[in-house]
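Colleague: Attaching a single structure in C-alpha cells format; questions to follow.
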Amino acid sequence: MSAAALSERLAEAAGPIVVKEVRQGLRARVFAIFFGLLLIGCLVVALIAAAEFDRRLNAELGPDYFRIFLGGLGIVEFFVIPYSAFRAMTREREDETWVLLVLTGLGPRRIVRGKVASALAQGLLYASACAPFVLFSYYLNGIDLPTVLVALMLSAAWSCLWVCVGVAAATQAESRIGRALVHFLVLGCLLAATVGGIAFAAFFSEEGGRLLREQASFRAFCAGLILWALSTAWVASEGAASGLALLSENSAKGPRVALTVQVLFALVAGAFVAWLADGGDAIGAVVGEVCGCIYLSVAGVFAISEHDGFPPAFAREPGWSKPGALRSFILLVGLLALGTAGCLLLAHLMGSHELKYQRVLLAAPMFVVLYLSLGVLLGRLTPLKVLTEPVSTRFGVLVALVLGTLVPMLLSLMVHGRANDRDLNLLSPLLGLSAINNGDRGALTLRLVGACALFFGFLAWTVLAARDTERRT
Amino acid sequence: MSLLTVKGLSRHYGPLKAVDDISFSLEEGTILGFIGPNGAGKSTTMRILATLDVPTAGSVLLDGKSVVDAPDQVRPLLGYMPDRYGTYDDMTVLEFLDFFARAYRLKGAERKRRVDSVMEFAGLTPLADKLTVALSKGMKQRVALGRTLLHDPRLLILDEPADGLDPRARIELRELLKALAAQGKAVLISSHILTELSEICDTCAIIEQGRLLATGPVHEVLQRTAGTTPHTDLQLKLHGSGPALEQALQKAERLLLEQPLVKDVSVEGASVRLKVELQPGVAPTPGWSEEAAARLLRVLIAADVPVCSFQPRELDLEDAFMTVTRGKVQ
C-alpha cells in the first residue's frame, strides 16, 4: 500500500475533525515554537546529564533529570495543548462554523470527540519527542520503570482532563463579555493545573517510586486520580457536547448519564478500596465525600443553570432525560443523597461509629444543596434574573457563596473581634463544616444546616417546577 | 407534492412573536425570495427550516419529513448558508471543501469527484490552493455556496447571500442560483436587495413582524398588491440641469396633479413618477392607460416642459414590499 493510500485510510479512520484540527494544529506557529523549544531544551538537558553522569558514574541522577523532562513536557501537555483546544473550539463558536458542522450530520458529540482526539494526538506528538529523553533518565539511575510509567500515565490523564475542560469551557459562553470572562477563567485554571501538575510530578519523581512500592494507599490514590481525571474528562466532554447541542437535540441526557455513572463508579471503587484495606480509619470515606461534594457542587452549578422547560419535541422522552434545570436539580440532590448513603455505609464497614465523622458525612451534601438552592433563588427571582440563564444562576451561586462566607465573618469580627467564631459561621461554606465537629452542639448545628438545606431546597424546587411548566416551549 | 411545506409556523421567545403563524410551500426547481425588513423573522424562519431551531407551533415538512421530529433525515436534503460565510482562515479552498465533503461522509473517488464538480460549478478551480482568508468577499461567498452544494441537497436555504457583495459578484451569484434552479433544486433566499430578488425569484414571501403578509408567484403578488382599482404607473425624465431643471420639475408636478386621472406624483432626481388611476366605478376600456399617457404627454409638451423620456413603469418587488409592509420592527 502506498504512503498516500495509507494516510488516506488513516484520515478516513480518524474522522474529518481530527484531520482538520491536526492539520491546522501542525501548521500553527505555536506548534513549531513549542515543539522546537521542547526538543532543543530536552537535548541540551540530556547533554548536560550525560556530562554529569560521566563525571559521577554511580550517582543517582535519574529523579532530578526525570523531573526536568517531565516539567518541560508538563508545560506543553497541561497548558499549551488544553489552551489550544480551548481556542480551537472558541473560534468554532465565534465564527459559527460549528453550526455548519452540526448540519453535516456529525453531531455535537462527534465534533467534541474530534477536537479532544486531535488535541491528544498533538499531545502524543510532543510526548513522542520527549519520550527518548524520559527513558534516558532511567539510565541515569535512581528511578525505576514503573515509576516512569505511572508518572506518564498520570500526566496523560491530567492532560486529557484539562483538554476536555478547555473544550467544554469554550462551549459555555454566548456573549462577548461571557467569552472574555471564560477566557480569563480558563487561563487561570490551566495555570493552576500546570503548576499543580508539575509540582506533583516533582514530588512523584522524588518519592513516587518508594511510595508505590511500600504503600498500597498511594497506589490506590494514583489509580483513583487517573480514573477520576478520565471520568471527569468524559463528563466535561459530554458537557461540551451539550453546550454545542441545537434546540432540536437533547442536551441534558449525555452529561446526566456521565455524571451518574461517575458517582456510581466512585462508590464502587470506594467499596473496593475499603475491602482491600480491610477496615481501617473512616477518614478516607469522609475525605472522599467532602471531595465528592466539592466536585458535585461544581458540576451542580452547570446542571442547575440549564434553561427551564423543554421544547415540545421532547415531550415523549422519559422524565429523567428531558432537558430542564428542574430535572438536573433533582438528579443532583439524588446523587448527593446516594453518595452520602454510600459513604455512611463505607464508614460503617470500616468500623467507624464516631459521631463526628457521621455528622460531617451528613452535613457536607447539605451545604451543597443549601448554596445551590440559594443560587437558584437568587438567579431566578432577584434582579440577577435580568442576566438570563445560564449566567444568572451561576452568578447567583457565586453571590450566595461570597455573601455566605463574608457576612458571618464580618459579623464575627464586629461582635467577637475575630473572624472565625463558630456560632456565627455555622452556615458559612468555608468554616461551617468545622463547626459541625464542635462537640456538644454538633447535633444542633447539623439540624440547623439540615433545616436550612431542606427549606431552601424545597423553595428552589418550587421555583424550578413553576418555571418548568411555564416554559415548555 | 411540494418539496417544502410550511404550515402555521410560529416561534415565540416569551412575549415576543418572532414568527407568527406563517405558511407557504416551495416546489423543486423554483426560487422563493424571502423578503422582509430587519427583525421581521426571516432568519428565525430559515433557522427553523434548517433544523437549527425548533418552532413553538406549526409544522415544516421537507420531502414529507418533519424538520422537528426527524432532523437527522432532513439535514442531508438541505444546504444552509447563514449570513456569515463560516470559513476557516488557515485552510485553502480545496482543503475547506474536502473537509466538509469528509464531514458529509463522502469517501474516496466520490469525494474527489464531488469536490471537483462543485469547484468547477462555482468557478473556484483556479483558487483551489488559495487560503480562504486571502479571498475577496465574493469569492468567500462562492466557497460558502460550494460548501452547501457538496452533498447535493434538494433545498438550498440562503440567508442574505448577496449582502456586502459588489455588483459583479451579485450578478455572478444570480447566475449561479439560476443554474441551480435549472438543475431542479429548490432555493429559498432572503435578501434586502429587492431588485436582485425580482430578477431571479419565481415566487416570493413578504414577512413583517413575524407575520406573512403576501406569498405566491411574483406576478400574482404584484397583481394583488397593485390593488383592485385599474391604474398604471408612469415615469418621465426631464432634460436640463440646475435651477432650470428644478423649475421644470415643479412645473411638471403641478401640471400633472391638475389632471383628473393622476393620483400620485413624486419627484426623484431628474425623474417624475406618477400613478394614473381610473375613477371609482369607471370600467377600464382596452388601451385606456395608453390613451391617458398620450393625453398627459400632450399637456406637458404644450406647456413647454422639456420631456426627454416618458414610459410606463413596471411594478416590481420593491413596490409590492413598500405597499404591503408598514416599516414596523420588533
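The values are calculated or read from the model by the stated rules, or taken from the named source; none is laboratory data. No experiment lies behind these values; they were computed from the predicted model shown. Reconstructed Cβ throughout: ideal geometry from the backbone, glycine too, with neighbour counts over all protein chains shown.
Colleague: Which of the residues spanning the stretch A:2-20 are part of a helix (DSSP H, G or I), in contact with a Lys or Arg (Cβ under 9 Å, 6 or more places away or on another chain) and of a type outside the set (Val, Ile, Thr)?
Modeller: Result: A:11, A:12, A:16, A:20.
Colleague: Which residues, counting only those in the stretch A:156-171, are within 15 Å of residue A:232 (Cα to Cα) and either within 11 Å of the chain's Cα centre (by Cα) or surrounded by 24 or more Cβ atoms within 10 Å (Cβ to Cβ) (or both)?
Modeller: If the condition is that a residue be within 15 Å of residue A:232 (Cα to Cα) and either within 11 Å of the chain's Cα centre (by Cα) or surrounded by 24 or more Cβ atoms within 10 Å (Cβ to Cβ) (or both), then A:158, A:159, A:160, A:161, A:162, A:163, A:164, A:165, A:166, A:167, A:168, A:169 are the ones that fit.
Colleague: Sticking with this one: Would you confirm whether any residue within the stretch B:34-44 is in a strand (DSSP E or B), of a type outside the set (Ser, Thr, Tyr) and surrounded by 22 or more Cβ atoms within 10 Å (Cβ to Cβ)?
Modeller: There is at least one residue in the stretch B:34-44 that is in a strand (DSSP E or B), of a type outside the set (Ser, Thr, Tyr) and surrounded by 22 or more Cβ atoms within 10 Å (Cβ to Cβ).
Colleague: Take residue A:390 and tell me if it is of a type outside the set (Phe, Trp, Tyr) and over 29 Å from the mean Cα position of the chain (by Cα).
Modeller: For residue A:390, the condition - of a type outside the set (Phe, Trp, Tyr) and over 29 Å from the mean Cα position of the chain (by Cα) - is not met.
Colleague: Can you tell me which residues in the stretch A:211-254 are touching a residue at least 40 places away in the same chain (Cβ under 8 Å), over 13 Å from the mean Cα position of the chain (by Cα) and not in a loop (DSSP other than H, G, I, E, B)?
Modeller: Selection gives A:212, A:216, A:217, A:220, A:222, A:224, A:241, A:242, A:243, A:244, A:253, A:254.
Colleague: Among the residues that make up the stretch A:442-459, is at least one of them assigned to a helix (DSSP H, G or I), in contact with a Ser or Thr (Cβ under 7 Å, 6 or more places away or on another chain) and either at pLDDT below 85 or within 14 Å of chain B (Cβ to nearest Cβ) (or both)?
Modeller: The answer is no, given that none of the residues of the stretch A:442-459 is assigned to a helix (DSSP H, G or I), in contact with a Ser or Thr (Cβ under 7 Å, 6 or more places away or on another chain) and either at pLDDT below 85 or within 14 Å of chain B (Cβ to nearest Cβ) (or both).
Colleague: Then there's this: Residue check, residue A:64 against (1) surrounded by 18 or more Cβ atoms within 10 Å (Cβ to Cβ); (2) facing chain B (nearest Cβ under 10 Å); (3) over 19 Å from residue A:160 (Cα atoms), all met but one. Which one?
Modeller: (2)
Colleague: A follow-up question, please. Only one of these conditions is not met by residue A:398: (1) over 22 Å from residue A:425 (Cα atoms); (2) surrounded by fewer than 22 Cβ atoms within 10 Å (Cβ to Cβ); (3) of a type outside the set (D, E, K, R); (4) under 21 Å from the mean Cα position of the chain (by Cα). Which number is it?
Modeller: (1)
Colleague: Oh, and also: Quick test for you: out of A:315, A:299, pick the one residue that is over 27 Å from the mean Cα position of the chain (by Cα), closer than 28 Å to residue A:241 by Cα and small (Gly, Ala, Ser).
Modeller: A:315
Colleague: Only one of these is free of Cβ contacts under 8 Å to residues at least 24 places away in the same chain and in a helix (DSSP H, G or I): A:365, A:408. Name it.
Modeller: The match here is A:408.
Colleague: Restricting to the stretch B:70-89, and then to whatever is at the interface with chain A (Cβ under 7 Å from one of its Cβ atoms) and modelled with pLDDT under 85, can you tell me which residue is surrounded by the most Cβ atoms within 10 Å (Cβ to Cβ)?
Modeller: The residue in question is B:86.
Colleague: If residue A:20 satisfies all but one of (1) under 30 Å from the mean Cα position of the chain (by Cα); (2) away from every other protein chain (no Cβ under 12 Å), what's the number of the condition it fails?
Modeller: Unmet for residue A:20, out of (1) under 30 Å from the mean Cα position of the chain (by Cα); (2) away from every other protein chain (no Cβ under 12 Å): (2).
Colleague: Restricting the search to the stretch B:56-69, which residues are assigned to a loop (DSSP other than H, G, I, E, B), within 9 Å of another protein chain (Cβ to nearest Cβ) and in contact (Cβ under 8 Å) with a residue 40 or more places away in the chain?
Modeller: B:56
Colleague: Quick check on the stretch B:173-181. Is at least one of its residues under 12 Å from the mean Cα position of the chain (by Cα), surrounded by fewer than 19 Cβ atoms within 10 Å (Cβ to Cβ) and of a type in the set (A, V, I, L, M)?
Modeller: no
Colleague: Go through the stretch A:3-59 and give me each residue that's over 28 Å from residue B:88 (Cα atoms) and touching an Asp or Glu at 6+ places or on another chain (Cβ under 9 Å).
Modeller: Selection gives A:49, A:59.
Colleague: Among B:202, B:116, B:159, which is within 24 Å of residue B:43 (Cα to Cα) and surrounded by fewer than 21 Cβ atoms within 10 Å (Cβ to Cβ)?
Modeller: Step by step, each of B:202, B:116, B:159 is checked, and only B:202 is within 24 Å of residue B:43 (Cα to Cα) and surrounded by fewer than 21 Cβ atoms within 10 Å (Cβ to Cβ).
Colleague: Please state which of the following conditions residue A:208 fails to meet, knowing it meets all the rest: (1) within 23 Å of residue A:68 (Cβ to Cβ); (2) modelled with pLDDT of 90 or more.
Modeller: (2)
Colleague: Let me ask something else about it. Within the stretch A:1-17, track down each residue that is surrounded by 11 or more Cβ atoms within 10 Å (Cβ to Cβ) and within 12 Å of another protein chain (Cβ to nearest Cβ).
Modeller: Passing the criteria: A:8, A:9, A:11, A:12, A:14, A:15, A:16, A:17.
Colleague: Here is a follow-up. Return yes or no: is residue B:170 within 14 Å of chain A (Cβ to nearest Cβ) and not polar (S, T, N, Q)?
Modeller: no
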